[in-house]
1. So which of G160, G133, G156 is out of contact with any strand residue (DSSP E or B) (no Cβ under 8 Å at 6 or more places or on another chain), more than 24 Å from A55 (Cβ to Cβ) and modelled with pLDDT under 90?
2. For residues that are part of a loop (DSSP other than H, G, I, E, B), in contact (Cβ under 8 Å) with a residue 60 or more places away in the chain and in contact with a Ser or Thr (Cβ under 8 Å, 6 or more places away or on another chain), tally how many sit in the stretch 45-90.
3. Which residues, counting only those in the stretch 51-81, are of a type in the set (A, V, I, L, M) and open to solvent by less than 60 Å² (accessible area, probe 1.4 Å)?
4. For the stretch 153-183, which positions are in a loop (DSSP other than H, G, I, E, B) and of a type in the set (G, A, S)?
5. Suppose we filter A93, A178, A171 for residues that are aliphatic (A, V, I, L, M) and either touching a Ser or Thr at 6+ places or on another chain (Cβ under 9 Å) or open to solvent by less than 20 Å² (accessible area, probe 1.4 Å) (or both); which single one remains?
6. Given the structure, is D114 in a loop (DSSP other than H, G, I, E, B) and among the charged types (D, E, K, R)?
Amino acid sequence: MKTILGSTQFPRFRDVPIGMQFEPDMRWLAERTVSTGWSDGTYRPWEPIARDAMAAFLYRLSGSPEWVPPEESPFSDVRPGMAFHHEITWLAATGITTGYDDGTFRPGAPVNRDAMAAYLHRLYGSPAAPAPGERFVDVDATTAFASEIAWLAESGVTTGWADGTYRPVTAVNRDAMAAFMRRAVDRFGEPAPVIPAPG
């Protein structure tokens, strides 16, 4: 769906009204075609972002680099013809995701906030990350992806909640994901297109 605002035409989602929290970020995501939303014109901002959709977001944010998926999938639950198969296999080939120890990717599972920090950190080339500090009361050195969370916080991409928590194992909603991605680009610039070496 497109809305005319002055002389500027931009995609909009019918469930994202102007003034809604993170509305500018969701609009930014749409303008860049990082997200196209659903065929019914919705974005579904309060739904958790699934792992397959996260792969698509990161691939598009990277400029949709040329990529030919391998004949054999890196994950037992990701097959050719599935939604975002192309993007998921790219994510694996770049090392941005490693999947689970059982060989699965779990494409329909929600992305938690700790994993989101790791994805963004790897997307930007895994820069030096600060040691976990006491920024968040629920993140310490034993927390999965603690350094990546500290990197995200130090850069200002995340501020956590007002109660001092980060809530690392809470799912990331689609509205907040738009905000995280926009802030990352504002802070670090466009991520360089990652083109995996032929396998």
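1. Criteria check complete, one pass: G133.
2. So the count comes out to 2.
3. Step one: filter the stretch 51-81 for residues of a type in the set (A, V, I, L, M), giving 53-56, 58, 61, 68, 78.
Result: A53, M54, A55, A56, L58, L61, V78.
4. S155, G156, G160, A162, G164
5. Values: A93 fails: either touching a Ser or Thr at 6+ places or on another chain (Cβ under 9 Å) or open to solvent by less than 20 Å² (accessible area, probe 1.4 Å) (or both); A171 fails: either touching a Ser or Thr at 6+ places or on another chain (Cβ under 9 Å) or open to solvent by less than 20 Å² (accessible area, probe 1.4 Å) (or both).
After applying the criteria, what remains is A178.
6. no
The values are calculated or read from the model by the stated rules, or taken from the named source; none is laboratory data. Everything quoted here is computed from the prediction, not taken from an experiment. Note that we place each Cβ from the backbone using ideal geometry, even for glycine, and neighbour counts take in every protein chain shown. For accessibility, only protein heavy atoms count, side chains too; no ligands or nucleic acids. Shrake-Rupley method; radii C 1.70, N 1.55, O 1.52, S 1.80 Å.
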